[in-house]
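Working notes, structure below.
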Amino acid sequence: MTKTLSVAAIQHGTVIDHINSGQALHIIRLLDLQKKNHKVTIGLNLPSKRLQYKDIIKIENHVLSNDEANEVTVLAPLVSINIIDNFEVVKKINTTLPSHIVNVFACPNPACITQSEPVETYFKIETHGNRVNFFCRYCEKSFDRNQVSENIK
Ligand SMILES: [Zn+2]
C-alpha cells in the first residue's frame, strides 16, 4: 500500500484538516487569508474516513492564534488544527466553539436592523447535538451554518 499526499506537505506553518467539504473557501475568507501574504494551499473534496469528504487548508510560515482557531470551529466543528515545524506536527491547537461571534457574518434576514443600521452583527452560538445555530441578537432569528457561511462580511 502506498500512501500519497493529496496536498503537498509544508515545512513550517498550520494545517487545518477535517474541514466539512464546501467550507474551506469560507474559512479562507473568515481568516482573511486571501488578503495576506502567506502561501496557502487548499484541497477540496478529499476522501475522509471521518467526514466522507473533507477540505484541507495548509498555511505556510504562519501559526493561527487560538481565537482564529476557535472561529474556524463555527464553520467546521470537527476540524483539527496542527502546527507544523520541520514537516512534523509539533502541536495540536485545542479548539472550543465560541459562545458568540461579533461582526464576522452579516445577518441573513433582510429585515434585520443590522442590514440598514451601522451596527456590528452579534450572533449567539447555540449547539443542538451536531448542529450549530447562529442566533441574531437583533432580529432574534436562528440560522444554520449554511445560511451564515455565505454571508462573511
Ligand atoms: Zn438579524
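Here are a few things to note about the model shown:
- Rounded, prolate or oblate (a/c below 1.5 giving rounded, otherwise prolate when a/b exceeds b/c) for the range 3-50 by Cα gyration tensor: oblate
- Within the shell defined by Cβ-Cβ distances under 13 Å, the residues around D17 carry a net charge of +4, with Lys and Arg each +1 and Asp and Glu each -1.
- Remark: the T127-D32 segment gains 31.7 nm on full extension, using 0.36 nm per residue and subtracting the alpha carbon distance.
- For the range 12-93, the calculated P(r), taken from all Cα-Cα distances in 10 Å bins from zero up to the bin holding the longest distance, is 20, 56, 24, 0 percent.
- Distribution of pairwise C-alpha distances over the range 12-153, 5 Å bins, in %: 2, 10, 19, 21, 20, 13, 9, 5, 1, 1, 0
- The phi-based Karplus calculation (6.51 cos²θ - 1.76 cosθ + 1.60; θ = phi - 60°) puts the 3J(HN,Hα) values of the range 109-125 at 7, x, 8, 5, 4, 5, 6, 10, 10, x, 10, 6, 6, 9, 10, 7, 8 Hz, whole numbers, x for Gly and Pro.
- E88 versus H62: modelled label distance in nm, points set 7 Å from Cα along the beta carbon direction: 2.6 nm
- Candidates V132, V90, V63: whichever shows maximal mean-square fluctuation once the chain is modelled as a Gaussian network with Cα springs under 10 Å: V90
- Pairwise centroid distance, computed over Cα atoms, of the range 66-103 with the range 1-63, Å: 12 Å
- Lysine pair number, Cα distance threshold 28 Å (strictly under), the range 39-153, separation 8 or more or different chains: 20
- Calculated on the Cα set of the range 100-149, radius of gyration then Dmax: 10.3, 34 Å.
- Ellipticity at 222 nm from helices only: DSSP H runs of n ≥ 4 in the chain, each -39500 (n - 2.57), divided by the residue count, give -3500 deg cm²/dmol.
- Counting only alpha carbon atoms, the long axis of helix 66-75 and the longest principal axis of the chain meet at about 70°.
Read-outs throughout are calculated quantities, based only on the coordinates presented, and are distinct from any laboratory measurement. Since this is a predicted model, take the numbers as computed values, not measurements. Positions of Cβ are backbone-derived with ideal geometry, glycine not excepted, and every protein chain shown enters the neighbour counts.
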